[in-house]
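Inspection log for the structure reproduced underneath, given as structure tokens.
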Amino acid sequence: MDDKPCDKECPLPTPGLRTSNFGIIGMNCASCVGSVEDAINGLPGIVDVSVNLTTERARVVYDPSKVSPKQITKAVENAGYRVVVNEVTISVGGMSCVSCAKAIEISLMEIEGIYSASVNLALERVTVNYNPESVTLSAIKSAIVEAGYTILESETVDTERAARERERKGQLALLIFSLSFSIPTMLLMLSFDFLNLGETLGITEWQNIILFALATPVQFIAGYQFYIGTYRAILNRSANMDTLIAIGSSAAYFYSVIVTFFPSIFHLSQHTYFDSSAMIISLILFGKYLEAKAKGRTSEAIRNLVDLQAKTAYVVRDGEEIEVPVEDIKVGDVFIVRPGEKIATDGTVIDGISAVDESMLTGESIPIDKVAGSTVIGGSINHNGSLRVVADKIGKDTALSQIIKLVEDAQASKAPIQRYADRVSSWFVPAVIIIAVATFLIWNFYLFNELGVEGDRFTFSLIVFISVLVISCPCALGLATPTAVMVGSGKGAENGILVKSGGALETAGKITTIVFDKTGTLTRGEPEVTDIVTYGVEESELLIMAASAEKGSEHPLGEAIVRYATDSGLIVPDANNFQSITGKGIRATVIDNEVLIGNRALMKIGEVDIRDAESTLEKLEGEGKTVMIISSNKRIVGLIGVADVLKETTIRAVKELKNMGIDIIMLTGDNRRTAAVIAAQAGIDDYIAEVLPENKAQEVARLQGEGHVVAMVGDGVNDAPALAQADVGIAIGSGTDVAMETGDIVLIRSDLLDVVAAIQLSRKTMQKIRQNLFWALGYNTAGIPIAAGILFPFFGILLNPIVAAAAMALSSVTVVSNAVLLKRYTPEIKKEQTR
């Protein structure tokens, strides 16, 4: 389990803490989430727990000196739920007795992140359950080899995906089973009631028994999970959706049983509600199935990222190319990538030329040219040439694994707005049960007679009681936020925008002020030649002269001149007698000419008259550029202006952010004159100049103290304190090393328009969350009173329990489906980029 920083709303792990993520099966509403969180929080050494209903995964920050993964797993299982982890089966050679098997098991269990290891001596196989975030398959194999045995072959099983697929198929089978009984039950009930089918066939006295026979398998086979869920809830001293379904369907079923077999004892009417009990269960199962399918679509982003991973690679060993599982690649291995193949892992090209499609990881649609020395990302696709690559990173350290981890963490975390839904959900089910009981009592002992309702009082009140229970939907509340966060974070990953937590996704939409670091954020981060002014020489001659003199210099300004000359196709000869004059410039001999390049002070020392260039010099300096004066043999021959220029998208990004109502501030260590020029060029009105790196966080805190919701955009390493201080830290241009960034939002590309896209995505996601919460709360606020019979005195409308169950099933499906619509969303700025 990796040592890693937690989300902003969680306590930050210290170096001694670890974070574990694992899947959980059996949760179906917010109350289940609460039960799991309470079970884990009850253990010593637990720092933070976040359980996501949509992904059905838990994220736990814990102290390994006080609690182990096994204890956490056991606590979840004791609460009535199932934990799923990865599983691998390895064929092992060299085992001859029980002691060999025991030695392997002991060696494996000493590795952090392995939950269990079981050796089958007869089959010569070992089955290992492990956390892939903590231990790699190659580490497991190495432990077996170090114990003195050989690896024959291995078969990795995605246990979590397999378990969820079995769960889905099981639910589908139960749904089909339930419908095969409940539909005939309902059709027969209608036929008996409205077509007098019982009298026609002469089976009037048997009709309730027939309905009983059809409804009972539904109640206790298809509905078994609801009783089990209720039992778990009682053990956990809580109540959940299962409780409502179990009570509601059981009330209808057992009332009908009493009417069927003991009608004279309670003097009840002969009408039964077997159709209601059976259809309630069938409709809820149908809703859960649709919900599971919709939830599956919300997690497509993660699955797509996982599917990018290569399965095998051709590694060069002992001069031969051999195909090995990608897990067996080691740092330093050389592997071959042919046209059309996926790149196995992160590395550096040592031979070959090709173009590589990295769009799935970075959002950059144009393939990137790769030559010797270029870095490549595992999971990207090689296009038209063969490459020889040396592996730099493997397993969990690769860019793809880091991206998957960041997205999973974001989806496992809770947005602050979800805490409101969780608080409501915690008392929702008990409140519904109280309302249902109160409704039953009020109708049975007061309203029924007061309103002169015809029929059986007890039966009428029971129908209302059942309807209130089954129409209530805590699931919709529990799913409203995490489904939208899940889709939103996945959508961000598709566009190279990695959101580390639900809190960051929510807060980004509330930003009122953005602080941009200048160097490398608004600007390109390296000086470039912007102006060339000549005096009595050709421009190419001036460039050759200056570049030759600067060729031996390591100063960034000199490197900019050399780079500009070579990019212009000029041949730059070597200079002689190179001399650096601190604070003034350089002196060198270029083709028998004494060349000076530097400032006014150097020209004064060299007795060079620069009066003719003074006005141009002042003009360029007024534009915030660094101007180098070039002289040859004591005569001025030119000026070269150098500056750290704005990125291509800076001006547009600033304009878009302003149009969104966000204040923009530039933060820089440069002097005020340079800062003013750059800010004006970028279209930024406010800037803070001459700020030392260690004081950037203080400036952000000052703005927060003035009531601003502040985002800081900068380099994830150099600007780490300011990014951490901001309400939302946005690390831009991180490339592939996304795990090292401090920011709450990590932008893979160095494109400021992605800042705009991140905020647009946040606002759209929050819009979906608000829509979902409005629907969930509005549905329950309106549905429960209608089910309680509030419309009956005025319009004679009483909700049938079957209709109530259908409404409940569809309410959670509606919430999930609305979140899934976010998959179609593309940030407006991205749409404009593709036009």
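Rounded to the nearest 500, what is the 222 nm mean residue ellipticity of the chain from helices alone, with -39500 (n - 2.57) per DSSP H run of 4+ residues and division by all residues?
Computed mean residue ellipticity for the chain: -15000 deg cm²/dmol.
Please list 3J(HN,Hα) in residue order for the range 760-775, calculated via the Karplus relation 6.51 cos²θ - 1.76 cosθ + 1.60 where θ = phi - 60°; whole Hz, with x for glycine and proline.
Karplus values, whole Hz, x for Gly and Pro: 4, 5, 4, 5, 5, 5, 5, 4, 5, 4, 5, 4, 5, 5, 4, 5.
How much accessible area per residue does the range 394-485 have, counting only protein heavy atoms and a probe of 1.4 Å, in square angstrom?
Using a 1.4 Å probe on heavy atoms only, each residue of the range 394-485 averages 35 Å².
Please turn the phi angles of the range 667-673 into ³J(HN,Hα) values with the Karplus equation 6.51 cos²θ - 1.76 cosθ + 1.60 (θ = phi - 60°), one per residue in order, whole Hz, x for glycine and proline.
10, 8, x, 5, 5, 4, 5
Rounded to the nearest 20 debye, what is the charge dipole size of the range 505-588 about its Cα centre when +1 sits on each Lys and Arg Cβ and -1 on each Asp and Glu Cβ?
300
How do 237-244, 751-758 rank on mean C-beta neighbours within 10 Å, highest first?
Highest-to-lowest ranking by the protection proxy: 751-758, 237-244.
Calculated FRET efficiency, N695 and M109, Cβ-Cβ r, R0 60 Å, to nearest 0.05?
0.75
Set Lys and Arg Cβ to +1 and Asp and Glu Cβ to -1, take the dipole of the range 483-549 about its Cα centre, and tell me which of N495, A546, F516 lies farthest positive.
Positive-end residue among those listed: N495.
Going by average Cβ density within 10 Å per residue, which order do the peptides 245-252, 784-791 take, highest to lowest?
245-252, 784-791
Accessible area, 1.4 Å probe, largest first: how do H383, H271 sort?
Highest to lowest solvent-accessible surface, that is H383, H271.
Can you tell me the dipole magnitude for the chain around its Cα centre, using point charges on the Cβ only (Lys, Arg +1; Asp, Glu -1), in Debye to the nearest 20?
2240
Using θ = phi - 60° and the Karplus curve 6.51 cos²θ - 1.76 cosθ + 1.60, what whole-Hz ³J(HN,Hα) does each residue of the range 222-231 get, with Gly and Pro shown as x?
Calculated HN-Hα couplings, in order: 5, x, 4, 4, 6, 5, 5, x, 5, 4 Hz.
What distance in nm separates the simple spin-label points at R824 and I434, each placed 7 Å from Cα in the Cβ direction?
If labels sit at R824 and I434, their model points lie 4.2 nm apart.
For the range 743-835, give the percent of accessible area contributed by carbon and sulfur heavy atoms, probe 1.4 Å, rounded to a whole number.
Answer for the range 743-835 is 65 percent, counting heavy atoms of protein chains only.
Which FRET efficiency, nearest 0.05, do H555 and R600 yield, Cβ-Cβ r, R0 22 Å?
Here the calculated transfer efficiency is 0.80.
Calculate how steeply helix 69-78 sits against the longest principal axis of the alpha-carbon atoms of the chain, using the helix alpha-carbon long axis, and give the answer as 0 to 90 degrees to the nearest 10.
With both axes taken from Cα atoms, the answer is about 30 degrees.
Show the residues, 5+ positions off or on another chain, whose built amide H is closer than 5 Å to the amide H of L667.
Amide H to amide H, under 5 Å and 5 or more residues apart or across chains, L667 pairs with F516, D517, K518, I688.
For the range 646-782, what is the relative contact order in percent, using Cα pairs closer than 8 Å and at least 6 residues apart in sequence?
Across the range 646-782, relative contact order equals 17 percent.
Does anyone have the angle between helix 241-261 and the longest principal axis of the chain? Alpha-carbon axes, 0 to 90°, nearest 10?
So the helix axis and the longest Cα principal axis differ by about 20 degrees.
Ignoring ligands, DNA and RNA, what accessible area per residue does the range 649-689 give at 1.4 Å, in Å²?
I get 46 Å² per residue for this part.
Run the numbers on the range 591-713 and let me know its relative contact order in percent, using alpha-carbon pairs under 8 Å that are six or more apart.
18
Which entries in K405/K658; K510/K655; K584/K634; K414/K500; K70/K293; K396/K768 show an alpha-carbon gap greater than 22 Å?
K405/K658; K70/K293; K396/K768
Work out how much length Q579 to T512 would gain on full extension: take 0.36 nm times their residue separation and subtract the Cα-Cα distance, in nm to one decimal.
That works out to 19.0 nm of additional length.
Say the dipole of the chain comes from +1 at the beta carbon of Lys and Arg and -1 at that of Asp and Glu; which of L305, I176, S461 then lies farthest toward its positive end?
S461
Say the dipole of the chain comes from +1 at the beta carbon of Lys and Arg and -1 at that of Asp and Glu; which of G707, A246, N52 then lies farthest toward its positive end?
A246
Taking amide H positions as placed in the peptide plane 1.01 Å from N, state which residues far from D351 in sequence (5 or more) or on other chains have amide H under 5 Å from it.
Long-range HN contacts for D351: R388.
By how many degrees, 0 to 90 and rounded to 10, does the Cα axis of helix 416-442 deviate from the longest principal axis of the chain?
10
Cα centroids of the range 562-630 and the range 89-122: how far apart, whole angstrom?
Their Cα centres are 71 Å away from one another.
The values are calculated or read from the model by the stated rules, or taken from the named source; none is laboratory data. Nothing here was measured: the structure is a model prediction, and the numbers come from that model. As a convention, Cβ positions derive from the backbone with ideal geometry for all residues, glycine included, and neighbour counts pool all protein chains shown. Accessible surface is based on the protein model in full, side chains and every heavy atom, while ligands, DNA and RNA are left aside. Shrake-Rupley method; radii C 1.70, N 1.55, O 1.52, S 1.80 Å.
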